[in-house]
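Please read the structure below before turning to the comments.
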Amino acid sequence: RGRKVLIERNVNPFVPSLGRRPERDFQDVFLYESSGNTWYDALTVGVRTGAGGPLALASHYTYAEAEDDHIDWARSQPQDPLDIGSERGPTIHVPRHKIVVSAVWSSGLRSGPWWKSDWTVASIVDYASGLPYNELAGFDRNGNDDPLSDRPEGVGRNRRTLPDALNIDLRVARQFRFGGASVEAIVEVFNLFDRRNVLEVNNV
């Protein structure tokens, strides 16, 4: 639980019901104050093989519920800067589900043909459910003179989600030994299957 996080908000927006700004003699007035909040609840479980074998496996799964009322304001102001409580929504940084699986296989030093010894093959599989993002209306829907922060009617902050992301990396390495010295050759492939992962969308 995070409390009293530093935020910035416009405390002098145009108020349609008043027909003016709260402070008549000023335009936008930006206040820096410690009133932001974060909430985070999560469960992580993991399994892995014991040490000493040729194959090492590790897998972790995390289920998380993370919310805040301020983190992405750097891109715009809250929809209603006079009511930041209405801005509570999913944080844009934490996926609901995340799975990471890693595997390392080592042939070890063996007698026999060269192609049977000193090999290492490793892979990491990383899956994450779609991250939240903030959908915007693209115009000043609430009439407070800020067209950049309004959401479509009935849509809460960060209530839309990007597609799921999946990435698989692969590494193959072999040591070449020359007496008391050795040289390791490494080949790495990132995003092995060239999967398209969406990082951002036009949110208007």
Exercise. Between residues in the stretch 20-43 that are more than 25 Å from GLY143 (Cα to Cα) and without any contact (Cβ under 8 Å) to a residue 24 or more places away in the chain and residues that are open to solvent by less than 80 Å² (accessible area, probe 1.4 Å) and hydroxyl-bearing (Ser, Thr, Tyr), which pairs lie under 9 Å by C-beta distance while being six or more apart or on different chains?
Worked result: LEU43/TYR61; LEU43/THR62; LEU43/TYR63
For this session: Give the stretch 92-133 a look and list any residue that's modelled with pLDDT of 95 or more, assigned to a loop (DSSP other than H, G, I, E, B) and open to solvent by 40 Å² or more (accessible area, probe 1.4 Å), or say none.
Result: VAL94, ARG96, LEU131
Seminar exercise, completed: Over the stretch 141-168, the set of residues in contact with a strand residue (DSSP E or B) (Cβ under 8 Å, 6 or more places away or on another chain) and of a type in the set (Gly, Ala, Ser) is GLY156, ALA165
Exercise. Could you say whether any residue in the stretch 149-164 is assigned to a strand (DSSP E or B) and either out of contact with any His (no Cβ under 6 Å at 6 or more places or on another chain) or small (Gly, Ala, Ser) (or both)?
Worked result: yes
Exercise. Quick check: is even one residue across the stretch 134-148 under 25 Å from the mean Cα position of the chain (by Cα), farther than 28 Å from ARG75 by Cα and surrounded by 13 or more Cβ atoms within 10 Å (Cβ to Cβ)?
Worked result: no
For this session: Out of the residues in the stretch 183-200 that are in contact (Cβ under 8 Å) with a residue 24 or more places away in the chain and touching a strand residue (DSSP E or B) at 6+ places or on another chain (Cβ under 7 Å), state the one that is nearest to ASP150 (Cα to Cα).
Result: ASN197
Exercise. Which members of the stretch 45-101 meet the condition of being farther than 30 Å from ASN203 by Cβ, in contact (Cβ under 8 Å) with a residue 12 or more places away in the chain and aliphatic (A, V, I, L, M)?
Worked result: VAL45, VAL47, LEU55, ALA56, LEU57, ALA58, VAL101
Exercise. Any idea which of ARG177, ARG171 is basic (Lys, Arg), at pLDDT 95 or above, open to solvent by 60 Å² or more (accessible area, probe 1.4 Å) and assigned to a strand (DSSP E or B)?
Worked result: ARG171
Problem set entry | Checking ASP194 against (1) among the charged types (D, E, K, R); (2) part of a strand (DSSP E or B); (3) at positive phi, the condition it does not meet | (2)
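The values are calculated or read from the model by the stated rules, or taken from the named source; none is laboratory data. Note that the coordinates shown come from a computational prediction; the quantities given were computed from them, not determined experimentally. Don't worry about glycine lacking a Cβ; one is built from the backbone with ideal geometry, like all the others, and counts go over all protein chains shown. Protein only, heavy atoms only, side chains kept; ligands, DNA and RNA dropped before computing areas. Shrake-Rupley method; radii C 1.70, N 1.55, O 1.52, S 1.80 Å.
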